[in-house]
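Chemist: To start, I am sharing the structure in question, which I have written as C-alpha cells.
The values are calculated or read from the model by the stated rules, or taken from the named source; none is laboratory data. The structure displayed is predicted, hence computed values, not measured ones. Note: ideal-geometry Cβ built from the backbone for every residue, glycine included; neighbour counts use all protein chains shown. SASA here: full protein model, heavy atoms, side chains in, ligands and nucleic acids out. Shrake-Rupley method; radii C 1.70, N 1.55, O 1.52, S 1.80 Å.
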Amino acid sequence: MRMSKLVGRRIKEDPKDAKTVSHKFLIRGGYVRPVSAGIYSLLPVGKRIVEKIERIIREEMDRIDGQEVLMPVILPAELWQESGRFTSVGQELLRFKDRNDKDMLLAMTHEEAVVHLVRTEVSSYKQLPVMLYQLQTKYRDEARPRAGLIRVREFTMKDAYSFHVSQEDLEAYYVRAHEAYERVFKRVGMKNVLSIEANSGMMGGSVSHEFMAVCDCGEDTIITSPDYSYRANREIATAAWTFAKSAPLALEKVHTPGRKTIEEVAEFVGVTAEQTGKAVFYQNVRTGELIFALIRGDFEVNESKLGNVAMASELKFADDAAIRAIGCEPGYASVLSVDPAKVKIIVDRSVAESSNLVVGANEADYHFKNYNFGRDTDGARVTVADIATVREGDPCPLTGAPLTMVRGIEVGNIFQLGTKYSAAMECNFLDQNGKSHPMIMGCYGIGVGRAMAAVIEQSCDEFGPVWPMSIAPYQVQLCALNPGKDGVGEAAEALYAELLVAGIEVLFDDRGEKAGFMFSDADLLGIPLRVVVSPKSLAEGKVEFRTRSSRDTELIDCKAIMGVLKERIKEALN
RNA sequence: CGGGGCGUAGCGCAGUGGCUUAGCGCGUCUGCUUUGGGAGCAGAAAGUCGAGGGUUCGAUCCCCUCCGCCCCGACCA
C-alpha cells in the first residue's frame, strides 16, 4: 500500500477528550473515528489489525472443534421472550418495532439465537458435543461508553456456544476453551493476561472465568496472591480472614449523641473500627425487598457478593424513609431489634465470628457495647455469609500471603451456563435410551476491538503503538527519504515492487515528506520493521533498517535487505 | 440516571450586543524554496458561530427549552 493513497490521516496532537493511551493513539494514528458516543468506524489500518486478530481467533476456535456460523444482529422479541430476557434485561437491550408493529431487538449476545439454531439441527447424543461460534456485531446500549474502544455500544465479538450431554463433558470442554483463550491472547501479542475467577451472578453454582489484560486503565479490579495461585475479580474475591474471639461481656447501652458514622462512634466510645458492627440497608431494585447487611466496621460490603447471597440481581442503598418504614432508626439501626419478618438479615462472618462489638441501639443517639452474635441473635432467623470486600493486604485464601490488587481490561470471558437457556427454550437431545434431556451449555466471548485497544495499552511508547508482528497492519514500513534525489525514488520503488512480489505486507511512504514528518507518522502506525531509503546510505549501496521497538538503526546492503526482512518476519511470527 | 464541562472552518481554540467582511494555529489546495524527528515564504479555498424559541432597533454573544459530545459516579446481559 502506498501511503500517498492511504485513507485515515494521522493527527499531531492528542484529542482533547482522550484519557487512555489506546484511545489517543487509535484516533491519532487514523485507526478509528468516532461516529457517535461509543460507536466507531474502522479505517483501513484499524480494519487490517482487526482482521488479523479475527484470523487468530478463528484458527484457535477451529482447533477446539468450533464451527463458524453467522446469526442475525436483529432478532424478533419472541425469541428473547422464551428465555425471559426480553423483560428481565434492562435498557442496555435496544428494543424497537418493525413496520408491522412487531417487537424486535438488536442482539447484545446470542444465546437465544444459537439455541434456536441448535434445537432444530441437533437432536441426538450422537451429534454432541458441538461448538458453534461467530464473529458478529453486538449492540449494547451502554449508559456510558468510555475510553475509546474499551467500552463501546457497538462492537464485534467472537461469541461461541458449546452443547453437551453432561456436566462432565462441559467441564472437559471448558478446559480446552480456557487453553484456546490463553493461546489467542498470547498470539495477538498481549503481554500480561490473567484468567481470573469471575462473578457468575444468579446462575447458581456455575463457573466462569474472565481474561483480564492487566493495565492501569482497566475497569475491573483483580485480586491476586503474590504467586498468582489465587486470582479473582474483586466482585467475588474472598480472603482467609480470622477474627479475634474473647469472652462475651454483658450488653451495655451507651449514649452516643449525634454519632452516626463508624469513625464517630468508635472514637466516641473509645474503640477501633474493628470493634464495631456496621449496619447497611440495601433494597432489591426489582422486588423492593429490604436487606439488612451487618458487617464489621472496618470492612466494606461487597454488593456483588451480597446480591448473590440475597438472590438480588440489582441492589441500591435503601433511603431513610424505607428504613423507618420497617421500624429502624437510620444511623442507629440495630441487629438487636430489627424484625426478620420485615427485612432479610445478612450477617458477614466478620461480625458472626467476633466478640463484644459496638452496634446500634435502634434509638437515636444510642449504641450497645458488647454485642455477641452467637449469644444475642437467633442464628436461625438470619443468614451468615461472606459479604465483605477484599482489601489490599488481606490474607490469600490459598496461601495466606497478603493479597494485592491490579486493574484489568476484560478481554474475554468463558462461562459454564448449564441448562438455563436450553431448558427454558426446549433445546433437548435424546440419550441412548431415547430419553429427552436439556443440553448442557457453555459460552465463550472475546471482544475484538477491545482486544486491539488492550494490546496498545500493553505495547506502546510515547510516540505510538508498537504492534506485535502477528496483528500489525503491515509487516514492513518502507520510507523513501528525499525521493527526487540520487535515484532514491527509483530504488525505493524497486524494493517496494520486490516486497509485494515476495508477499510481504508493506506500507510504502512515497509522499516525499520531510524526514521528521514521515518518521512521526511511521511511529503512530507502529509497524514492526522499518526500511529507509535515503541519498546518504544509498550512495554506499545500503539502506537503513530498524525495528519499531528499538530505536537503533542498522545499515544493510541493498542486496541483503530482502533476506533480512524475511528472516525477521519469520522469527517474529513464531 | 445523578454531578460537572463543552458545542465557533476538517482538527485544536480565541472572540464580540452593532466595528459595514467572525479571527488565530494546525491541516487542505497552488507556487517557490526545502529534505534525518511533525520546515520557510507567498497566495487561496473553507463557517446555517449545535437546533428551536424569547428579549432587543439589532443576538454567534443575554434568557429559556431541546439536542449532541466528553469527564466523574451509578449501572453493565
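Chemist: Could you count how many residues in region A:134-149 are near RNA strand B (Cβ under 9 Å from one of its atoms) and either buried (at least 19 other Cβ atoms within 10 Å of the Cβ) or part of a loop (DSSP other than H, G, I, E, B) (or both)?
Modeler: Qualifying residue count for the region: 8.
So that you can scan it fast, the table gives a plain yes or no per residue for (1) open to solvent by 20 Å² or more (accessible area, probe 1.4 Å); (2) within 12 Å of RNA strand B (Cβ to nearest atom); (3) at pLDDT below 95:
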residue	(1), (2), (3)
A:Arg450	yes, yes, yes
A:Ser470	yes, no, no
A:Lys485	yes, yes, yes
A:Gly489	no, yes, yes
A:Glu493	yes, no, yes
A:Val506	no, no, no
A:Phe517	yes, yes, yes
A:Ser534	no, yes, yes
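Chemist: For residues in region A:371-385 being crowded, with 18+ Cβ neighbours inside 10 Å, out of contact with any strand residue (DSSP E or B) (no Cβ under 6 Å at 6 or more places or on another chain) and of a type outside the set (Ser, Thr, Tyr), which is farthest from A:Val338 (Cα to Cα)?
Modeler: Checked region A:371-385; the qualifying residue farthest from A:Val338 (Cα to Cα) is A:Asn372.
Chemist: Right, something else. Restricting region A:541-563 to residues that are more than 10 Å from RNA strand B (Cβ to nearest atom), in contact (Cβ under 8 Å) with a residue 24 or more places away in the chain and assigned to a loop (DSSP other than H, G, I, E, B), which is most open to solvent (accessible area, probe 1.4 Å)?
Modeler: Restricting to residues being more than 10 Å from RNA strand B (Cβ to nearest atom), in contact (Cβ under 8 Å) with a residue 24 or more places away in the chain and assigned to a loop (DSSP other than H, G, I, E, B), the top hit is A:Ser549.
Chemist: Quick test of your reading of the structure: A:Glu513 fulfils all but one of (1) closer than 18 Å to A:Asp557 by Cβ; (2) free of Cβ contacts under 8 Å to residues at least 24 places away in the same chain. Name the failing condition by number.
Modeler: Only one criterion is unmet by A:Glu513, namely (1).
Chemist: Checking A:Gly90 against (1) of a type in the set (Gly, Ala, Ser); (2) open to solvent by 60 Å² or more (accessible area, probe 1.4 Å); (3) more than 26 Å from A:Gln477 (Cβ to Cβ), only one condition comes out false. Which one?
Modeler: The one condition A:Gly90 does not meet is (2).
Chemist: Take A:Asp103 and tell me if it is touching a Phe, Trp or Tyr at 6+ places or on another chain (Cβ under 9 Å) and over 30 Å from A:Ala472 (Cβ atoms).
Modeler: In short, yes.
Chemist: Go through region A:458-494 and count every residue that is in contact with a strand residue (DSSP E or B) (Cβ under 7 Å, 6 or more places away or on another chain) and under 24 Å from A:Pro145 (Cβ atoms).
Modeler: The total comes to 2.
Chemist: Out of all the residues in region A:15-47, which are more than 11 Å from RNA strand B (Cβ to nearest atom) and open to solvent by 20 Å² or more (accessible area, probe 1.4 Å)?
Modeler: Hits for region A:15-47 are A:Val21, A:Ser41, A:Leu42, A:Leu43, A:Pro44, A:Lys47.
Chemist: Also, quick follow-up: Can you find a residue in region A:422-437 that is touching a Pro at 6+ places or on another chain (Cβ under 8 Å), within 16 Å of RNA strand B (Cβ to nearest atom) and under 28 Å from A:Glu179 (Cβ atoms)?
Modeler: Yes, because at least one residue in region A:422-437 is touching a Pro at 6+ places or on another chain (Cβ under 8 Å), within 16 Å of RNA strand B (Cβ to nearest atom) and under 28 Å from A:Glu179 (Cβ atoms).
Chemist: A further question follows. Within region A:254-264, is even one residue of a type in the set (A, V, I, L, M, F, W, C), more than 28 Å from the chain's Cα centre (by Cα) and open to solvent by 70 Å² or more (accessible area, probe 1.4 Å)?
Modeler: The answer is no, given that none of the residues of region A:254-264 is of a type in the set (A, V, I, L, M, F, W, C), more than 28 Å from the chain's Cα centre (by Cα) and open to solvent by 70 Å² or more (accessible area, probe 1.4 Å).
Chemist: Which number in (1) touching a helix residue (DSSP H, G or I) at 6+ places or on another chain (Cβ under 6 Å); (2) open to solvent by less than 40 Å² (accessible area, probe 1.4 Å) marks the one condition that A:Arg183 misses?
Modeler: (2)
Chemist: Go through (1) within 13 Å of RNA strand B (Cβ to nearest atom); (2) of a type in the set (S, T, N, Q); (3) under 26 Å from the mean Cα position of the chain (by Cα) and name the single condition A:Gln67 misses.
Modeler: (1)
Chemist: Right, something else. Would you confirm whether any residue within region A:165-182 is more than 16 Å from RNA strand B (Cβ to nearest atom), more than 15 Å from the chain's Cα centre (by Cα) and of a type in the set (S, T, N, Q)?
Modeler: yes
Chemist: Which condition number does A:Gly307 fail, the rest of (1) within 14 Å of RNA strand B (Cβ to nearest atom); (2) in contact with a helix residue (DSSP H, G or I) (Cβ under 6 Å, 6 or more places away or on another chain) being met?
Modeler: (2)
Chemist: Can you confirm whether A:Lys158 is open to solvent by less than 10 Å² (accessible area, probe 1.4 Å) and either in contact (Cβ under 8 Å) with a residue 12 or more places away in the chain or within 14 Å of the chain's Cα centre (by Cα) (or both)?
Modeler: Criteria met by A:Lys158.
Chemist: Something else now. If A:Val188 satisfies all but one of (1) modelled with pLDDT under 90; (2) open to solvent by less than 20 Å² (accessible area, probe 1.4 Å); (3) more than 16 Å from RNA strand B (Cβ to nearest atom), what's the number of the condition it fails?
Modeler: (1)
Chemist: Here's another thing I want to ask about it. Using the structure shown, decide if A:Ile57 is under 21 Å from the mean Cα position of the chain (by Cα), over 23 Å from A:Ala143 (Cα atoms) and surrounded by 14 or more Cβ atoms within 10 Å (Cβ to Cβ).
Modeler: When the stated conditions are applied, A:Ile57 passes them.
Chemist: Filter region A:289-303 for residues that are open to solvent by 30 Å² or more (accessible area, probe 1.4 Å) and under 30 Å from the mean Cα position of the chain (by Cα); which is farthest from RNA strand B (Cβ to nearest atom)?
Modeler: Looking at the filtered set, the residue picked out is A:Asp298.
Chemist: Then there is this: If A:Val73 satisfies every condition in (1) at pLDDT 90 or above; (2) within 16 Å of RNA strand B (Cβ to nearest atom); (3) buried (at least 17 other Cβ atoms within 10 Å of the Cβ) but one, which is the exception?
Modeler: (3)
Chemist: When region A:512-532 is examined, which residues are found to be in a loop (DSSP other than H, G, I, E, B) and in contact with a helix residue (DSSP H, G or I) (Cβ under 7 Å, 6 or more places away or on another chain)?
Modeler: A:Pro528
Chemist: Checking the condition within 21 Å of A:Glu392 (Cβ to Cβ), in a loop (DSSP other than H, G, I, E, B) and open to solvent by less than 20 Å² (accessible area, probe 1.4 Å), which residue from A:Ala237, A:Ala232 passes?
Modeler: A:Ala237
Chemist: Sticking with this one: With without any contact (Cβ under 8 Å) to a residue 40 or more places away in the chain, among the charged types (D, E, K, R) and surrounded by fewer than 19 Cβ atoms within 10 Å (Cβ to Cβ) as the only criterion, which of A:Lys278, A:Lys316, A:Lys342 stands out?
Modeler: A:Lys316
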